[in-house]
Amino acid sequence: MPVPAEIHPESLLALPPGEAKQSLLTVHSILEARLPAGPLAIYEAGGGSTSYLPLGVLRRSHVTVVDIDADQIRNNSYAQEAILGDIQTHRFPPQQRFDLIICYNVIEHVPDVEAVLSGFCEALKPNGLLLIGAPNPKSLSGIVTKYSPHWFHVWFYRHVRGEKHAGLPGEAPFPTHFHPLVTLGSLEAFAAGRGLQVIYRKKYESPRYPEMRRRKPLLAALIDAAAKTMNALLPGKIDVRHGDYHVILRKLGS
């Protein structure tokens, strides 16, 4: 069934059919069901030109973006307040608390994820939601990203994904750190110790795979074959193509 363009953001419409798009649709349905009615206060930690929020939520929200990159701040067109700052150290005054914090494709680039998550816990209202979208460090793409040089990431974005402006100021890919807390299990354990409850978690096939199958079918076939072999050799029900995840956490309290 076609997805109506007027109710979904460009970030979702740009995803190829597959697990990533389906998980983001699920995230949207949870946010729409769980967030309170009326105006919302949203903190986006790291925010460029594209929002990952459902438009029905975005239209009734006051969005505050904090980003360390001035180009990303300039590219943002949907935030009511844009702050040039470091999400590791930025803290809001006690009277400013948020219904939703979103950190999407950001924490893998941050050296001190513990400081970031501690700031999120402090800034959330009781029963507020935290949405994190991030790459899975234990996947095939996560391992390649972690141990390959940044110039290779730029080359991949330009020549495999076809993004001509990749690596230019304000454009992905950005240097990646992969702090241990980016691993989903470690992130969930840290969150539980600080009064956050998991209400949704999903590891899914990175959208890079369907993109590659369309743009570079021979390369995609080789990588799919390698991934299938690795899955057969690894213990447990592991799929190394599950290169990304979504997790939604709720701050317990009243």
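The values are calculated or read from the model by the stated rules, or taken from the named source; none is laboratory data. What you see is a predicted model; the values in this text were computed from it and never measured. FYI the Cβ positions are ideal-geometry reconstructions off the backbone, even for glycines, and counts take in every protein chain you see.
Details
- Qualifying residue in the stretch 144-167 (condition: touching a residue at least 60 places away in the same chain (Cβ under 8 Å), in contact with a helix residue (DSSP H, G or I) (Cβ under 9 Å, 6 or more places away or on another chain) and among the small types (G, A, S)): no
- Boolean, I68 is closer than 17 Å to I42 by Cβ and out of contact with any His (no Cβ under 7 Å at 6 or more places or on another chain): no
- Yes/no for G85 being over 16 Å from E10 (Cβ atoms) and either buried (at least 21 other Cβ atoms within 10 Å of the Cβ) or without any contact (Cβ under 8 Å) to a residue 24 or more places away in the chain (or both): yes
- The residues in the stretch 10-69 that are among the β-branched types (V, I, T), buried (at least 20 other Cβ atoms within 10 Å of the Cβ) and in contact (Cβ under 8 Å) with a residue 60 or more places away in the chain can be counted, and the count is 2.
- Looking only at the stretch 230-254, and only at residues there that are crowded, with 20+ Cβ neighbours inside 10 Å and touching a Pro at 6+ places or on another chain (Cβ under 9 Å), the one that is farthest from L129 (Cα to Cα): G243
- If you go through the stretch 180-224 and keep only what is out of contact with any helix residue (DSSP H, G or I) (no Cβ under 9 Å at 6 or more places or on another chain), farther than 30 Å from K125 by Cβ and without any contact (Cβ under 8 Å) to a residue 40 or more places away in the chain, you end up with P217, L218, L222.
- Flag if L25 is farther than 26 Å from S118 by Cα and touching a His at 6+ places or on another chain (Cβ under 9 Å): yes
- Positions within the stretch 225-242 being without any contact (Cβ under 8 Å) to a residue 12 or more places away in the chain and assigned to a helix (DSSP H, G or I), in sequence order: A225, K228, T229, N231, A232, L233
- The residue that is farthest from E114 (Cα to Cα), among those in the stretch 70-82 that are surrounded by 14 or more Cβ atoms within 10 Å (Cβ to Cβ) and touching a strand residue (DSSP E or B) at 6+ places or on another chain (Cβ under 7 Å), is Y78.
- Some residue of the stretch 149-163 being among the aromatic types (F, W, Y), crowded, with 18+ Cβ neighbours inside 10 Å and under 24 Å from A70 (Cβ atoms): yes
- Hits in the stretch 44-87 (condition: within 17 Å of L124 (Cβ to Cβ), touching a helix residue (DSSP H, G or I) at 6+ places or on another chain (Cβ under 6 Å) and either at pLDDT 95 or above or part of a loop (DSSP other than H, G, I, E, B) (or both)): I87
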